[in-house]
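First the structure, in the form of structure tokens, and then the observations on it.
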Amino acid sequence: MKTIRWGMIGCGEVAEVKSGPGFYEARNSQLVAVMRRNGALAADFARRHGVPRWHDDADAIIGAADIDAVYVATLTDTHRDYTLRCAAAGKAVYVEKPMALDLAHCIEMVDACRAGGVPLWVAYYRRALPRFVAVRELIEAGEIGDVRVVTVRQTQRAPTPRDLSAHALAWRADAARGGGLFFEGVGHTLDVLDYLVGPVAGVHAFAGNQAGAHATEDVVVASFRFASGVYGSGTWCFASDENDEYVELTGSRGALRFSVTRAFPIRITSSGHTRELLIADPPHVQQPLIQSIVDELNGEARCASSGESALRTARVLDAIVAPFRERMRAGQP
């Protein structure tokens, strides 16, 4: 069993706890080097996490002979470029979600990695979290019978100018860097539905900006038809007065309700009885998916979040937001 040697491009807030430690805490995995354009910050991350070396140039990671796979943890607008460069260098790639800002770029990333003979994975890490694995097992065991309908609801308080001035939110709300609050965050929900119910075969959606706090969509409603025959609907409002979020799967003999964004108890209603199942997330939420990538590279398992599965999620996102963005480009309300 070989040790997979990782290089990390970008070591900011996401890498600090969610993902970074997973690369050196997973079995048969080592974080060899990190890169950030601000060398002082890269050096600080390396020191605190015990990483052997740091760089301020991505080529030092991409071209390194002692690195087998690269984790791209930069802003969304750079994902395509780094992925294509890694593929050309023969490096396996694990890229943050969303894959890219543009569907065409996502397709290009998948094609480049296929042509380069390297695997591509995307950080839709909830596919490997124990609580979502448990939901899938409940469905497969027939706990609620055949799934008929999916209902998604998410509301979030409208961001203030002060909120939007902070880096953690500013880049997410920026269409040119993060794609917008809906685009950057809701991919997780859509990808979880792909994992639990199967691919979406059709989408009808309306998206708009009602609050005017930023330039991207803040209210979205959508209906889905899954290839499995299941129907679904979603309502997202990022200009509300409360934070709330849940997904409910209604079946022929019951229902499952859970949160995508928070480790709340899974609520199972069947035969007139309701029970709750609480499954905590691990300290580093990406570590289970990272472990599955390491295991796949060692020929022991398959990672559930591939470039191909993430491309399906990218297609659904594009179907929802593309009409709104076309209207915005044309100067239409």
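The values are calculated or read from the model by the stated rules, or taken from the named source; none is laboratory data. Note that this is a predicted model, so its numbers are computed, not measured. Counting neighbours? That spans all protein chains shown, and the Cβs are built from the backbone with ideal geometry, glycine included.
Values as computed for the structure displayed
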read-out: Complete set of residues in the range 253-268 that are touching a residue at least 40 places away in the same chain (Cβ under 8 Å) and hydroxyl-bearing (Ser, Thr, Tyr); value: Thr261
read-out: Residue match in the range 231-252 (condition: part of a loop (DSSP other than H, G, I, E, B) and free of Cβ contacts under 8 Å to residues at least 60 places away in the same chain); value: no
read-out: The one condition in (1) modelled with pLDDT under 95; (2) buried (at least 21 other Cβ atoms within 10 Å of the Cβ); (3) part of a helix (DSSP H, G or I) that Leu169 fails to fulfil; value: (2)
read-out: Filtered residue count, the range 256-271, keeping only those that are within 15 Å of Ile139 (Cβ to Cβ) and of a type in the set (Ser, Thr, Tyr); value: 2
read-out: Matching residues in the range 89-118 - criterion: being within 21 Å of Thr189 (Cα to Cα), out of contact with any strand residue (DSSP E or B) (no Cβ under 9 Å at 6 or more places or on another chain) and outside any helix (DSSP H, G or I); value: Ala100, Leu101, Asp102
read-out: Leading residue by the ranking (surrounded by the most Cβ atoms within 10 Å (Cβ to Cβ)) among those in the range 2-20 that are of a type in the set (Val, Ile, Thr) and assigned to a strand (DSSP E or B); value: Ile9
read-out: Residue in the range 18-32 that is among the β-branched types (Val, Ile, Thr) and farther than 26 Å from Arg126 by Cα present; value: no
read-out: Residue within the range 260-267 that is surrounded by 16 or more Cβ atoms within 10 Å (Cβ to Cβ), within 30 Å of Glu25 (Cα to Cα), in contact with a Leu (Cβ under 7 Å, 6 or more places away or on another chain) and at pLDDT 95 or above present; value: yes
read-out: Given (1) in the same structural domain as Arg157 (by TED's automatic domain parsing); (2) in contact with a Pro (Cβ under 7 Å, 6 or more places away or on another chain); (3) touching a residue at least 60 places away in the same chain (Cβ under 8 Å), number of the condition Pro288 does not satisfy; value: (1)
read-out: Failed item in (1) in a strand (DSSP E or B); (2) more than 22 Å from Glu143 (Cβ to Cβ), with Thr216 passing the rest; value: (1)
read-out: Of all residues in the range 33-89 being buried (at least 21 other Cβ atoms within 10 Å of the Cβ) and of a type in the set (S, T, N, Q), the one that is nearest to the chain's Cα centre (by Cα); value: Thr76
